[in-house]
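Below is one structure, written out as C-alpha cells; comments come after it.
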Amino acid sequence: ELKEENERLKKMIEGGGISPSSGDNSDDFKTLLERNQKEMEEREKSWAQRLQEAEEKAKEEEKKVNLDAANITNLSEDPQLNKISVYNVSEGKSYVGRKNGDPAPKVILGGPGIQKNHAYFES
C-alpha cells in the first residue's frame, strides 16, 4: 500500500499534478512521501532483523540437541514448524503419553486416541 501511495505521490509531483512552486500543498505531499519512504524502510529493516534473530535462535536450538544420542524430532513440510520439538531419548526407557501417565512420560502428547502410557523408546 505504501509503495503504491509513494508512486502516486511521485507521479503527482513529477507529472505536473502538483507543481513544486505551488506552496504549502506541494510541501505536504513531499513530507508525506518522505514519511512513507521512511516507514517502508523501517518495515523492511524490522523484517530483516526478525529473520536474522529467528535464524540465530534456530542455530542455538540445534546446538542444544545432542546429535550423538538418539532423539525424537517432529517433521513438517512447513519450514517454520519443522524440528520445533526435539526430545533426547535417554538410556533405558523413555515413555510417551499423557501428562498423568505412570511412569511420568518424557514426551507428553494430548488428543483423541492418546493413552496414558502410549509408547516407549528403549535404548
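The values are calculated or read from the model by the stated rules, or taken from the named source; none is laboratory data. Since the structure is predicted, the reported quantities are computational estimates derived from the model, not experimental observations. All Cβ positions, even for glycine, are placed from backbone atoms using ideal geometry, and neighbour counts span all protein chains on display. SASA here: full protein model, heavy atoms, side chains in, ligands and nucleic acids out. Shrake-Rupley method; radii C 1.70, N 1.55, O 1.52, S 1.80 Å.
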Whichever residue in segment 29-52 is at pLDDT below 80 and either surrounded by fewer than 11 Cβ atoms within 10 Å (Cβ to Cβ) or among the acidic types (Asp, Glu) (or both) and, among such residues, is nearest to residue 109 (Cα to Cα): 50
Return only the number of the condition from (1) in contact (Cβ under 8 Å) with a residue 24 or more places away in the chain; (2) open to solvent by less than 70 Å² (accessible area, probe 1.4 Å) that residue 105 does not satisfy. (1)
Of the conditions (1) in a loop (DSSP other than H, G, I, E, B); (2) in contact (Cβ under 8 Å) with a residue 12 or more places away in the chain; (3) open to solvent by 100 Å² or more (accessible area, probe 1.4 Å), the single one that residue 90 does not satisfy is (3)
Does at least one position in segment 69-76 carry a residue that is under 30 Å from residue 1 (Cα atoms), open to solvent by 90 Å² or more (accessible area, probe 1.4 Å) and at pLDDT 75 or above? no
Only one of 63, 99 is open to solvent by 50 Å² or more (accessible area, probe 1.4 Å) and at pLDDT below 85. Can you tell me which? 63
Mind checking which residues of segment 71-81 are within 25 Å of residue 120 (Cβ to Cβ), of a type outside the set (A, V, I, L, M) and not in a strand (DSSP E or B)? 74, 76
Among all residue pairs at least 6 apart or on different chains, which show Cβ distances below 6 Å where the first residue, located in segment 25-49, is of a type in the set (S, T, N, Q) and the second is outside any helix (DSSP H, G or I)? 26/18; 26/20
